[in-house]
Amino acid sequence: MTTNEAPVNSNDTAAATSPAAGRINFARTAPKVFRAVIGLDSAAREGLDPTLVELVQIRASQLNHCAYCLHMHTSDARRAGESDERMHMVGVWREARHFFTEKEQAALALTEAVTLIAGAGVPDDVYGRAAAHFDEGELAQLLALVLTINTWNRIALATGKVAGTDER
């Protein structure tokens, strides 16, 4: 999305909130599908810690190089009380384990495996570690959350969404 730059001044804001030239506005063009993804997103979050939700969404968005979603979820996490320090460490959580609980680390590892599933699938040890920290219901919710943020990332990237233009 390097062709879409952030607005330089307030006069450029309208252009920045529109999809990239020639790209569809997914919400307007496929409203039934868009509402279904919103419903999936809402259902996936149920019963999960809001901080964990944002960490997972941040990590998947980093891996997918989705600047639009990364900006949105770091902003949401900050508003929910997450520290900038921890958000800065999400991308290197393995080297900065002391910033995250064992449960958060298990969720981040599962997020990476599912997001990058074409590489090696979801290894048994990664799945087992997550299963040790989440009961079956929570694990299903976590998987749904990872699937949902990957869907949002792909929608945003395919339609040329611009970082900093939260269009919810």
So which of Arg78, Arg154 ends up being of a type in the set (Lys, Arg) and under 21 Å from Leu40 (Cα atoms)?
Arg154
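Quick check on my filter: what residues within segment 75-85 are farther than 25 Å from Ala140 by Cα and either open to solvent by less than 20 Å² (accessible area, probe 1.4 Å) or assigned to a helix (DSSP H, G or I) (or both)?
Those that are farther than 25 Å from Ala140 by Cα and either open to solvent by less than 20 Å² (accessible area, probe 1.4 Å) or assigned to a helix (DSSP H, G or I) (or both): Ser75, Arg78, Arg79, Asp84, Glu85.
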Got a sec? Which of Thr3, Thr13 is modelled with pLDDT under 75, over 12 Å from the mean Cα position of the chain (by Cα), in a helix (DSSP H, G or I) and among the hydroxyl-bearing types (Ser, Thr, Tyr)?
Thr13
Go through Met72, Met89 for me and flag whichever is crowded, with 16+ Cβ neighbours inside 10 Å, free of Cβ contacts under 8 Å to residues at least 12 places away in the same chain and part of a helix (DSSP H, G or I).
Met89
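The values are calculated or read from the model by the stated rules, or taken from the named source; none is laboratory data. These numbers come from a predicted model, not from an experiment. No Cβ is skipped: glycine too gets one built from the backbone with ideal geometry, and neighbour counts run over all protein chains shown. Remember, those area values only see protein heavy atoms, side chains included, never the ligands or the DNA or RNA. Shrake-Rupley method; radii C 1.70, N 1.55, O 1.52, S 1.80 Å.
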